[in-house]
Amino acid sequence: MSAARRPLKSLGQNFLVDGNIIDRIIQAANILPDQPVLEIGPGRGALTNHLVERAGRLVLIEFDHALAAFHRNRHQGDEHVTVIDADVLKVDLDTLLSESPRKWNVVANLPYNISTEVLFRLYNVHSRLERMTLMLQKEVGDRLAAPPDCSAYGVTTVLLGLWFDIRRVIVVPPGCFHPSPKVDSVVLNFIPRSAAKAEVGDEDVFRSVVKSAFSMRRKTLSNCLKSAEFAKTVDCEQLLEVCAIDGRRRGETLSLEEFALLSCRVTELLRGALP
Ligand code: SAM
């Protein structure tokens, strides 16, 4: 099958067709000499064609078998290119990225239906990344920059904000894709910080504190925290008191620093509870 088959809506196939936007993304990716690059969803190769010339190693993860076969065929002479025919959500990214001692550059025009889930996976491997340049639905991108106590503020805002400095590169209108999506998109640069924005103790605990705080948006913070696994060991009322955070607040009103404070305390309590 050729790469020219009809785009599949189920796989979020909105292919980039605007040369200027493609150039802006490649420029923003700032690929360093010999750097390993991961592209998620190469599609028909709008970005891949540029990445292949610049990357020291290029890994493509594509879930559309026909498109994966297309890339395998096209790049069979390029020894530095690996095509993984798989759902990115099922790929063990940590193991994959550990294959290179160098930090990776991730470039992707993400399929919108799984972009938030992919962001979580990339957050989990932040220590292996040098930079990410991602195209997202604008609404999802706006969420990453949202301040506390607004509806767009959520788990991705807090988690990614801990480790990445996020900068907007460009807003991309629907006409730059084929087929055109219904909404605007945005290209963002994610630059990992040299240290986390706040001390959080154990990062798994931080994830769990943040996820539980946002788990039921209409409920109080206190009730949300009680639904977390750590609440089996930690007294959440006492935890909130020690951290001087009012448990009647909603999770979405907490700043990153307040989440960090809770996480540090839960980490200490869990460590103290170990036999
Ligand atoms: N990079 C190309 C471009 O900019 O024109 C294509 C981008 S298109 C928005 C998203 C791509 O991700 C498609 O090629 C689609 O087949 C692929 N894709 C969708 N779901 C995927 C998944 N779960 N794992 C890996 N690739 C996926």
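Brief remarks follow.
- The residue list Ser215, Val266, Leu239 was ranked by how far each Cα lies along the charge dipole of region 203-273 toward its positive end, using unit charges on Cβ atoms, and Ser215 comes out on top.
- Computed extension length for Val171-Lys232: 17.5 nm, one decimal, from 0.36 nm per residue of separation with the Cα-Cα distance subtracted.
- Förster radius 35 Å - calculated FRET efficiency between Gln76 and Val242 (Cβ-Cβ, nearest 0.05): 0.05
- Computed from the C-beta positions of Met216 and Leu89 and an R0 of 22 Å, the FRET efficiency is 0.35 to the nearest 0.05.
- Residue-count net charge about Pro42 - beta-carbon cut-off 12 Å; Lys, Arg +1, Asp, Glu -1: -1
- Around Thr156: net Lys/Arg minus Asp/Glu count, Cβ-Cβ under 13 Å: 0
- Each Lys and Arg adds +1 at its Cβ and each Asp and Glu adds -1 at its Cβ; summed about the Cα centre, region 1-145 shows a dipole of about 220 debye.
- Annotation for region 126-194: trypsin sites (Lys or Arg not before Pro) lying in DSSP loop with at most 15 further Cβ atoms inside 10 Å of their Cβ are Lys182, Arg193.
- Gain in span if fully extended, Lys197 to Glu99, counting 0.36 nm per residue against the direct Cα distance: 32.5 nm
- Each other residue within a Cβ distance under 15 Å of Phe177 adds +1 if Lys or Arg and -1 if Asp or Glu, for a net charge of +4.
- Stretching Phe15 away from Ser180 to a fully extended chain increases their span by 58.6 nm, per 0.36 nm per residue minus the current alpha-carbon distance.
- A simple charge model with +1 on the Cβ of Lys and Arg, -1 on the Cβ of Asp and Glu and nothing else charged puts the dipole of the chain at about 620 debye relative to its Cα centre.
- Expressed to the nearest 5 percent, the antiparallel share of DSSP beta bridges inside region 9-192 is 45 percent.
- By accessible area, using a 1.4 Å probe on protein heavy atoms only, the chain has 49% of its surface on carbon and sulfur.
- Gaussian network model of the chain, springs between alpha carbon atoms under 10 Å - residue of Arg207, Arg54, Arg217 with greatest fluctuation: Arg217
- Gyration tensor (alpha-carbon) shape descriptor, region 76-226, a/c threshold 1.5: oblate
- Counting only whole DSSP H helices of the chain, the ones at least 24 Å long by C-alpha along their axis and with mean Kyte-Doolittle hydropathy no lower than -1.0 are 256-273.
The values are calculated or read from the model by the stated rules, or taken from the named source; none is laboratory data. Just so it is clear, the structure is predicted and the values come from calculations on it, not from any experiment. Cβ sites come from the backbone with ideal geometry, for glycine too, and all protein chains shown count toward neighbours. We work out accessible area using only protein heavy atoms, side chains counted, and drop any ligands, DNA or RNA first. Shrake-Rupley method; radii C 1.70, N 1.55, O 1.52, S 1.80 Å.
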